[in-house]
Amino acid sequence: MDAVVVGAGFSGLYMSHRLRELGLSVRVYEKAPDVGGTWYWNRYPGARCDSESHIYCYSFSEEIRREWQWTERYPEQPEILDYLRFVADRLDLRRLIEFETEVESAEFDDGNWTVTTDDGETVDSQFFISAVGCLSEPYVPEFENRDAFDGEWYHTARWPREGVDLDGKRVGVIGTGSTGIQLVPEVAERAAHLTVFQRTPNYAVPARNRPLSDDEWAEITDNYDEIWEDARFSWLGMPFEMKHATTAGLSDEEIEAALEERWQEGGFRFLHTFEDTLFNPETNEIVSEFLREKIRERVEDPETAEKLVPTDHPYGSKRPPMDYNGYYETFNREDVTLADVDENPITEFAPEGIRTTASLYELDTVIFATGFDAMTGALMAMDIRGRDGSVLSEEWADGPRTYLGLGVDGFPNLFTITGPQSPAVLSNMPVSIEQHVDWIADCIEYMRAEGYEYIEPRPEAAERWVSQTNALADQMLFSEAESWYRGANVPGKPRVFTPFPGGVETYRRECERVVENGYEGFELSESLDPPAQSAD
Ligand code: NA7
């Protein structure tokens with residue numbers, strides 16, 4: 001093979017298409033029985049994308065754009081999965097994919113990657129391309145006696161295809177991140193009783209989902225090119241304008257009006273009220289307090305409201321979740337209990353349910369909405385070995401080190417789509433995915449045209465890029481939260497800020513500059529000499 005691609009989600013599908021168009025032989029390995037990536041697995045009730053549908057898709061194909069119309073402002077999981085199936089069929093990509101096949105190892109040896117799968121197959125390939133996604137390795141906390149529980153338990157990212165019968169059950173949901181917040185109102189509708197185990201409260205902003213009318217869709221398609229260009233050169237990969245640069249100089253009424261306007265618009269538009277929300281503690285406190293008041297207004301019992309109000313971290317320092325169907329109002333129901341497991345931690349699972357330091361909660365079903373080993377988990381789950389036997393998981397023991405989130409020094413011809421130290425999870429993923437896939441495909445095309453066989457980042461370029469990423473994160477408020485952006489959710493994971501926080505536009509321009517300067521920071525070669533160290 002010329003290229004092995006791991007994963008058949010948004011990244012893997014587009015990557016394999018681009019490479020096949022260039023005339024390369026491509027094999028895609030996908031552990032699920034179908035395309036879709038994270039949208040194949042995350043089938044829990046209420047699963048939906050927080051990016052608006054008209055920009056949560058591909059832009060590269062005129063035909064695909066014309067032939068697909070989203071039905072709602074935010075796409076629901078089944079619709080996204082249908083979309084990716086449609087793309088795979090439309091581009092005839094399934095023939096490139098081996099489903100239900102997991103890559104166990106990839107070793108760079110004798111100038112090629114040798115890729116081994118769980119069915120014992122081995123294939124040699126010039127390029128090894130990870131399209132495994134940033135949020136694909138579920139994290140299940142190791143609670144004491146988890147197996148002693150007599151009921152059923154599920155993780156939201158491994159939700160059974162046939163669904164789960166929650167009707168009339170006593171259900172416990174652990175976790176109140178973006179997933180838990182989407183899930184909780186849906187479960188409350190079906191369960192006999194719901195207990196929400198909350199360790200840290202979160203600031204959920206109404207998404208304000210609604211059906212997309214034909215008129216709205218016509219307006220979107222009429223302006224598609226412009227919308228996408230704005231998204232590509234934006235902060236978050238979303239075509240939204242900031243309302244104000246900062247709160248400084250504005251009256252209290254002006255600030256309130258701006259926040260209320262964006263609150264009414266909903267979703268990620270709210271984060272675009274003040275440009276310095278994630279930099280300036282004063283602005284952030286104003287925004288956070290606005291959101292706290294909104295929570296207090298929506299929850300009837302003042303004691304429950306205070307438990308739901310976050311005070312431990314600034315708004316946006318953790319991934320801001322969206323509320324689709326009355327998350328906070330759910331706690332006004334008689335049949336919903338909020339268990340504060342920060343105050344009274346979970347001590348163990350028991351046959352009857354979950355025991356905390358305060359009570360035993362009797363349950364039939366437990367749902368883990370406990371997130372992912374984000375950004376590095378799925379990559380590290382493969383045994384990746386580079387030049388001279390270096391092992392990726394050992395090289396990254398203190399945190400990932402990439403150049404531009406695209407490549408790793410010591411691992412020639414390895415590309416990581418939306419890898420660590422790229423905007424990735426701090427952006428609307430399809431915009432970042434298309435940019436990475438195009439960059440990689442163009443690079444391979446260039447290598448072929450110029451007669452290069454190998455590409456590898458120079459160690460000092462990777463070093464510099466990681467320092468720049470960390471320096472940017474240090475200027476922002478991210479360090480004030482125990483978040484999965486920093487690896488804080490998985491015990492033992494290095495505490496390093498993982499995505500590039502400088503914005504999609506800045507990042508894209510840097511990637512373009514690197515190419516214009518002849519792939520600055522990369523070593524391109526016809527043979528396998530170690531990359532030269534530059535003088536600086
Ligand atoms: P998140 O955002 O990592 O949320 C996981 C939640 O689970 C969060 O509330 C955690 O509390 C909670 N959690 C994790 N471990 C425990 C233990 N041991 N005890 C109690 N509670 C626990 O995952 P999501 O799936 O919601 O979202 C991930 C991303 O997917 C999302 O941001 C979107 O980008 C899509 P904590 O806050 O750590 O105290």
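The values are calculated or read from the model by the stated rules, or taken from the named source; none is laboratory data. Since this is a predicted model, take the numbers as computed values, not measurements. In this analysis, Cβ positions are derived from the backbone assuming ideal geometry, glycine residues included, and neighbour counts consider all displayed protein chains. Note: areas computed on protein heavy atoms with side chains; ligands, DNA, RNA excluded. Shrake-Rupley method; radii C 1.70, N 1.55, O 1.52, S 1.80 Å.
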List the extent of the Cα atoms of region 243-371 along each of their three principal axes, largest first, rounded to whole Å.
-> 58, 27, 23
Intensity falloff of region 149-215 expressed as log10 I(q)/I(0), Debye formula with alpha-carbon point scatterers, at q = 0.29 Å⁻¹ = -1.43
Quick one: compute the contact order of the chain, relative version, from alpha carbon pairs under 8 angstrom and 6+ residues apart, as a percent.
-> 19 percent
Beta bridge orientation in the chain: antiparallel %, DSSP, nearest 5 = 40 percent
Whole-Å distance, taken between Cα centres, linking region 150-183 and region 324-358 | 13 Å
Cα centroid separation - region 191-212 against region 1-58, whole Å | 28 Å
Over region 219-314, give the accessible area per residue in Å² for a 1.4 Å probe, as an integer.
-> 49 Å²
Student exercise, region 178-250 dipole from Lys, Arg, Asp, Glu Cβ charges, in Debye to nearest 20 | 800 debye
Across 20 Å bins from 0, what is the distribution of all Cα-Cα pair distances for the chain, in whole percents?
-> 21, 55, 23, 1
Where the eigenvalues come from the Cα gyration tensor of region 433-481, what are the semi-axes √(5λ) of the equivalent ellipsoid, largest first, in whole Å?
-> 32, 15, 6
How large is the charge dipole for region 71-168, taken about the Cα centre, if only the Cβ atoms of Lys, Arg (+1) and Asp, Glu (-1) carry charge, to the nearest 20 debye?
-> 580 debye
Quickly rank 128-137, 199-208 as a protection proxy: mean count of other C-beta atoms within 10 Å, highest first.
-> 128-137, 199-208
Give me D for region 432-536 in µm² s⁻¹, whole number, from Stokes-Einstein with Rh from the Kirkwood sum over alpha-carbon pairs, 20 °C and 1.002 mPa s.
-> 135 µm²/s
Name the residues whose placed amide hydrogens come within less than 5 Å of the amide hydrogen of R333, ignoring near sequence neighbours (fewer than 5 apart) on the same chain.
-> none
Would you work out which of G451, V496, T402 lies farthest towards the positive end of the dipole of region 401-520? Charges go on Cβ: Lys and Arg +1, Asp and Glu -1.
-> V496
For region 70-211, report the accessible area per residue in Å² (1.4 Å probe, heavy atoms, rounded to an integer).
-> 41 Å²
Assign unit charges at the C-beta atoms only (+1 for Lys and Arg, -1 for Asp and Glu), then state the dipole size of region 332-411 relative to its Cα centre in Debye, rounded to the nearest 20.
-> 420 debye
Per DSSP H run of at least 4 residues, take -39500 (n - 2.57); add these up for the chain, divide by its residues and hand me the 222 nm value, nearest 500 deg cm²/dmol.
-> -9500 deg cm²/dmol
Give me the Debye-computed log₁₀ of I(q)/I(0) at q = 0.20, 0.32 Å⁻¹ for region 348-390, equal point scatterers on Cα only, no solvent, two decimals.
-> -0.74, -1.10
Positive end of the charge dipole of the chain (Lys, Arg +1 and Asp, Glu -1 on Cβ, about the Cα centre): tell me which of F233, Q421, Y203 has its Cα farthest that way.
-> Y203
Diagonalise the Cα gyration tensor of region 1-141 and give the resulting equivalent ellipsoid semi-axes, square root of 5 times each eigenvalue, largest first, whole Å.
-> 28, 19, 11
For E72, the residues 5 or more places away or on another chain with a placed amide H closer than 5 Å to its own amide H are L212
